[in-house]
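Below is one structure, written out as structure tokens; comments come after it.
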């Protein structure tokens, strides 16, 4: 069984990618910490504390591989989770960094994410370890999460204006960007606007790297650690710490209706 | 001692109003549940649970009067807090409702707030109890909180566009509005845009009622329950469940720098 956790609903974009790449004989279980979402504006200590509680819930249920879908949790809690758990733990930052380093021709990589992820410097460190000469520029985009949750997406004038403002601020920091990491699980919903507007702002096509999709490769590599079930996977079990709007908003992130949502206290 | 609690930083707009109306011999203490902010998108059960924990923290410190500055907490937890505590508990919804009923000439009252506050119907019930013939129309405005926290305020084209969209949606529900309740502690920061744009959208001046300011009157009435201190109040003590950005963002809400911020676990 693979466990995936996120601060809220956004990690369902990672589940969506895994549902396409993981054999159906492997069970997936999801935990969204919706009672305490968002993590992106909170301190490292608080994010690490919540992440450990989420991980414990999933390991108590018997998961054999843990995917930390939340970028902020990956930035602040991954080392601690790896040190304290005996199962493989995969975050989204290293796969995203690897993906960006692989596709960037000019070596000018941008990262957009939450305040926490950007302040952590985690992408800078991860990319430097793989591609030491790459130039990495991060920019926090706090309005993108509420926009995605409100469903104001591609073509919405306000959503487009917010995306344009953030990308122009990023361009002021590095006009030579050729690659942009979507460093938050909410951002794939805004991928069409980001693709279109980044081309206008930078005057060339910018390659977008979705950290959530990039996680499929390391998960595939770790699959031998995961037992297959006798039955084909029929449903995706989702646990949440607060039910409000999860099913309603979640289907937009997962790309299909949610099967099973159950509220738990951590 | 008066205790004020809110889901996060927004309740400092209520403290700002109280600092002007409460004698300086009465001590004020503030708790922002910043580790679990926001409440506005969460379920009634979760909001009630967090509110009780916040109230317990303040009563354990000896407060003699509790002000629930958060509209969502007032909507979902006030009755329960009143039933379980032996001190006076004042929420923001009844004072806001009273203020709106007093100033509305046409009796067409709008309420803007979080998803939770709007779904609760608390303002509708409170206004109906005071002014049974008033027409009350509520509208949830989820983007206004992140805009205020980002500091995109009056005159910012994106902030103005978001305010205009929500007010146009409200106008479609009731074009006869003459009064609008700011039913969230974050909204006073956007009061200039809301005042200007509501006049354009409705074609007449719309009277804005700030629920946080309206709380000053019932607090004044309850002051005999509160002991005065020997010393003049010198500082405002703030407790938060997560420190990230509180001091930075908080001074914008309080209108002056914060004296004393201490992190606590609930």
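Structural remarks
- Cβ-vector label at 7 Å, residue B:205, separations to other copies in nm: 5.7
- Overall form of segment A:37-158: oblate. Here a/c, set by the Cα gyration tensor axes a ≥ b ≥ c, is 1.5 or more, and a/b is not larger than b/c.
- Principal-axis analysis of the Cα atoms of chain A puts helix A:12-21 at an angle of about 70° to the longest axis.
- Förster-model FRET efficiency, 51 Å R0, residue B:243 and residue A:229, C-beta, rounded to 0.05: 0.70
- Rounded to the nearest 0.05, the FRET efficiency derived from the C-beta distance between residue B:220 and residue B:195 at R0 = 41 Å is 0.95.
- Considering only B:162, B:215, B:133, the mean-square fluctuation computed in a Gaussian network model of chain B, springs between alpha carbons under 10 angstrom, is largest for B:133.
- Fraction of antiparallel bridges per DSSP, the protein assembly as shown only, in percent to nearest 5: 0 percent
- Copy-to-copy label separations for residue B:191, where each label sits 7 Å from Cα toward Cβ, in nm and ascending: 4.5
- Shape of segment A:7-104, Cα gyration tensor, a/c cut at 1.5: rounded
- Entry note, segment B:90-246: relative contact order of 29 percent, from Cα contacts under 8 Å with a spacing of 6+ residues.
- With label points set 7 Å from Cα along Cα→Cβ, the inter-copy distances at residue B:128 are 6.1 nm, sorted shortest first.
- Candidates A:11, A:99, A:255: whichever shows maximal mean-square fluctuation once chain A is modelled as a Gaussian network with Cα springs under 10 Å: A:255
- Measuring nothing but how far apart in sequence close Cα pairs (under 8 Å, 6+ apart) lie, relative to its length, chain A scores a relative contact order of 27 percent.
- Peptide B:42-48 has a mean shielding of 5, counted as Cβ atoms of other protein chains within 10 Å of each residue's Cβ.
- Rounded if a/c under 1.5, otherwise prolate or oblate - the protein assembly as shown, Cα gyration tensor axes: prolate
- For chain A, built as a Gaussian network whose Cα springs stay under 10 Å, the top-fluctuating residue of A:70, A:184, A:141: A:141
- Mean partner shielding of peptide B:25-35, defined as the number of other chain Cβ atoms within 10 Å of each residue Cβ, is 1.
- 0 to 90° range, to nearest 10: angle between helix B:157-173 axis and chain B longest Cα axis: 70 degrees
- Between the helical axis of A:71-84 and the longest alpha-carbon principal axis of chain A there is an angle of about 40 degrees.
- Per-residue mean of C-beta atoms belonging to partner chains within 10 Å, peptide B:235-244: 3
Read-outs: derived from the displayed coordinates by stated rules, not from any lab. The shown structure was predicted, so the numbers you read here are calculated from the model rather than taken from an experiment. For neighbour counting, all protein chains shown are included, and Cβ atoms are generated from backbone atoms with ideal geometry for every residue, glycine included.
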